[in-house]
Amino acid sequence: MVGTAMVWSQAAVAQNAVELYIRDDVLEDYLAFVANRDVLDIREFSGRTIRRDVVDMIIAQQAMAIGGFKRDYQYHAGKVNFRNTRLLQQGKLLISFDSYWLADAEELQQDVYISDSVIRRGEYVAGIYTGMQNQAILKVNNLAQLQQFSAISTPLWRTDWRTIQSLGLSKVLREDEWISMARMVSNGWVDFMLMPLYRSGHEIYELENIRLQPVPGVVVLLNDSRHFVISKHHPDGNAAFDAIQIGLAALREQGRILKAYQQAGFVVDPERFIILNPAQSQE
């Protein structure tokens, strides 16, 4: 079965399986959501463990299969945020199933192919996530109020960092590991971080001893598009890129890409949320 979940035994892996590295919490949610179904048959994207990263993984596999690149995938879990980029540049990793901001992808274009957008410019809004004890920030409903608080991000994520810097916050801390950011916010050492919304946009994010809650009713626009990147130096790079382009075009024409992210709660109804930094303020 093409594109199924984790392959646990090396002996069970097809000889032509593509090895991919996935952040451990994302892989856990992906496996729970797919639940041994054939990824290519999934049409509905609502559920307890759905999130932007999981939709990315499924859309990438469906697009590549539609384009004729039909392979099995073997997933390895771990802290892979920036290791994947190095492996892509070296040709040791075929594709990142976690989409990249265009601003980040363009910095790598000597070494990677950049797909058509999977999330278009203007569609990506992030929730303002804070620790469970931080009650003051939950009252924020405009940018001036948000500016009283501190945030954490990394310049390695160019769009995130540029957006955070543009908000005029009281303090911005740098931390390059996502899990460390989340832990610092959860512990109350910094007020908030930007994260994709989960399902209803009101749900608590939990991972091990980390618990984060979104500020209700407000979001921040990250005014960039997101794309899959494929290594130019991997033996299957050309074929995979041609396939994903064909597949993304077909999925876009059928309306399946936007529907998937909407059902997952990622692309939101603008009437339900206040965007604190509308696009015109970023131009």
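Computed from the coordinates by the stated procedures, all read-outs in this text should not be read as laboratory data. These numbers come from a predicted model, not from an experiment. Every residue, glycine as well, gets a Cβ built from its backbone with ideal geometry; the counts of neighbours run over all protein chains shown.
Select from the stretch 224-283 those trypsin sites (Lys or Arg not before Pro) which occupy a DSSP coil region and have at most 11 other Cβ atoms within 10 Å, ordered by residue number. List each step's numbers first, then the result.
Numbers: sites: Arg226, Lys232, Arg252, Arg256, Lys259, Arg272; in loops: Lys232, Arg272.
Those that pass, being in a loop and sparsely packed, are Arg272.
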For this session: Would you mind checking the radius of gyration and Dmax of the stretch 58-187 based on alpha-carbon positions, in Å?
Result: 17.7, 52
For this session: Enter the Cα centre distance for the pair the stretch 15-59 and the stretch 84-143, rounded to the nearest angstrom.
Result: 17
Problem set entry | Label-point separation in nm, Glu203 to Asn187, each point 7 Å along Cα→Cβ | 2.7
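Within the stretch 193-269, which GluC sites (Glu not before Pro) sit in a loop by DSSP and count at most 11 neighbouring Cβ atoms inside 10 Å? Walk me through the intermediate numbers first.
Details: sites: Glu203, Glu206, Glu208, Glu253; in loops: Glu203, Glu208.
Loop-located and lightly packed - Glu208.
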Problem set entry | P(r) weight above 22 Å for the stretch 125-222, C-alpha pairs, percent | 17
Problem set entry | For the chain, alpha-carbon Rg relative to the globular expectation (2.2 N^0.38 Å, N residues) | 0.99
For this session: Taking the chain as the reference, fit the longest principal axis to its C-alpha atoms, fit the long axis of helix 237-253 to the helix C-alpha atoms, and give the angle between the two in degrees, 0 to 90, nearest 10.
Result: 60
Problem set entry | Helix-only CD estimate at 222 nm, as mean residue ellipticity for the chain, using -39500 (n - 2.57) per DSSP H run (n ≥ 4) | -9000 deg cm²/dmol
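Calculate how many DSSP beta bridges within the stretch 87-221 are antiparallel, expressed in % of all such bridges and rounded to the nearest 5.
Numbers: 13 of 18 bridges.
For the stretch 87-221, the DSSP antiparallel bridge percentage is about 70.
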For this session: Could you check which residue among Ile58, Ile22, Ile204 shows the biggest mean-square fluctuation in a GNM of the chain with a 10 Å Cα cutoff?
Result: Ile204
Exercise. Quick one, what does Rg over Rh come out to for the stretch 176-283 if you take C-alpha atoms and the Kirkwood Rh?
Worked result: 1.05
For this session: For the chain, find the longest principal axis of its Cα atoms and tell me its angle to the long axis of helix 24-34, 0 to 90°, nearest 10.
Result: 70
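For the chain, what relative contact order do you get, as a whole percent, if you take Cα pairs closer than 8 Å and at least 6 residues apart? Before the final figure, lay out the partial values.
On the way: 564 pairs, mean separation 79.8, N = 283.
It comes to 28 percent, rounded to a whole number.
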Exercise. Principal axis lengths of the stretch 102-166 from Cα atoms, whole Å, largest first?
Worked result: 45, 22, 22
Problem set entry | Percent of beta bridges antiparallel (DSSP, the chain, rounded to nearest 5) | 60
